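Worksheet: the structure to be examined is printed underneath.
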Amino acid sequence: MTMATTQAHAPVSTIRASTQRPHCPSRTHSLHFASKPSNFAKFAKTSFSFEPSKIRPITTPRATPSSSPPTTFHGQCYVLGDNIDTDQIIPAEHLTLVPSKPDEYKKLGSFSFSGLPSSLYPIPFIQPGTDSTQYAIIIAGANFGCGSSREHAPVALGAAGVRAVVAESYARIFFRNSVATGEVYPLELEQEGVNKQCTTGDIVTVDLERNVFINHTKGKEFVLKPIGDAGPVIDAGGIFAYARKTGMISSVV
């Protein structure tokens with residue numbers, strides 16, 4: 001299994017599309033998400049490469065284009081610590097579920113964060129007898145989404161009803177999968193230790209236009225790093241939907 005690096009992903013500032021080997025009948029399309037120039041020394045470039053004739057995207061009921069992309073998310077938050085890995089987000093035994101099937105997509109969401117140790121997180125993310133969460137926003141520390149490179153991790157969160165993750169930093173593979181699937185907005189905080197100033201159940205707002213995270217319960221406001229050109233990709237419903245929308249690939253695959 002390919003393991004994801006634990007290096008965090010920088011805020012996205014640019015998106016470039018290129019078609020390699022145009023003379024080749026089976027063209028390879030690449031979408032590159034590059035960090036700000038000042039961050040190149042710290043963060044590596046992340047890219048998506050695909051051959052439309054060979055690959056089909058994971059499609060889910062949630063990841064569909066939005067005619068009017070959201071600018072704010074409001075609700076209760078669920079607070080996590082550092083180094084939350086993908087096996088804690090969605091344990092491996094549930095990866096046989098197929099997200100493109102509505103019933104299995106819904107079931108996948110019901111297992112979100114079932115890998116968390118109850119000794120550290122006594123409040124269940126999914127209440128017993130339900131298949132979705134009351135917490136629309138996740139607040140986390142550093143290196144969120146580290147571990148194995150499972151695309152099901154952001155999909156499970158989206159299926160459970162999560163709209164955004166607000167973290168100190170991300171493992172690159174989780175950030176990339178969040179953008180590629182269009183399931184959740186992976187937002188990064190400007191300062192450290194914000195998760196320690198929040199409590200599960202706090203009422204919060206994420207404002208994408210102002211790039212702020214507001215904890216109404218605590219009466220505090222924090223600055224978010226702009227998500228940049230990854231935003232339109234998530235708005236479109238993921239990387240394939242964005243590529244079709246912008247004409248990079250045919251709308252009929």
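The values are calculated or read from the model by the stated rules, or taken from the named source; none is laboratory data. As the structure is a prediction and not an experimental result, all values here were calculated from the model. Cβ sites come from the backbone with ideal geometry, for glycine too, and all protein chains shown count toward neighbours. The accessibility values were calculated without ligands, DNA or RNA, using every heavy atom of the protein model including side chains. Shrake-Rupley method; radii C 1.70, N 1.55, O 1.52, S 1.80 Å.
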Any residue at all in the range 95-107 that's buried (at least 20 other Cβ atoms within 10 Å of the Cβ), of a type in the set (A, V, I, L, M) and over 28 Å from ILE214 (Cα atoms)? yes
Of the residues in the range 163-181, those that are free of Cβ contacts under 8 Å to residues at least 60 places away in the same chain and farther than 11 Å from ILE139 by Cα come to ASN177, SER178
### Message
Condition check: modelled with pLDDT under 95 and open to solvent by less than 90 Å² (accessible area, probe 1.4 Å). Does SER49 satisfy that?
### Response
yes
Practice task
Return yes or no: is PRO124 modelled with pLDDT of 95 or more, assigned to a loop (DSSP other than H, G, I, E, B) and over 20 Å from the mean Cα position of the chain (by Cα)?
Solution key: yes
Exception for SER132 within (1) out of contact with any helix residue (DSSP H, G or I) (no Cβ under 8 Å at 6 or more places or on another chain); (2) of a type in the set (S, T, N, Q); (3) open to solvent by 50 Å² or more (accessible area, probe 1.4 Å) falls at (1)
Restricting the range 118-129 to residues that are out of contact with any strand residue (DSSP E or B) (no Cβ under 7 Å at 6 or more places or on another chain) and in contact (Cβ under 8 Å) with a residue 12 or more places away in the chain, the one surrounded by the most Cβ atoms within 10 Å (Cβ to Cβ) turns out to be ILE126
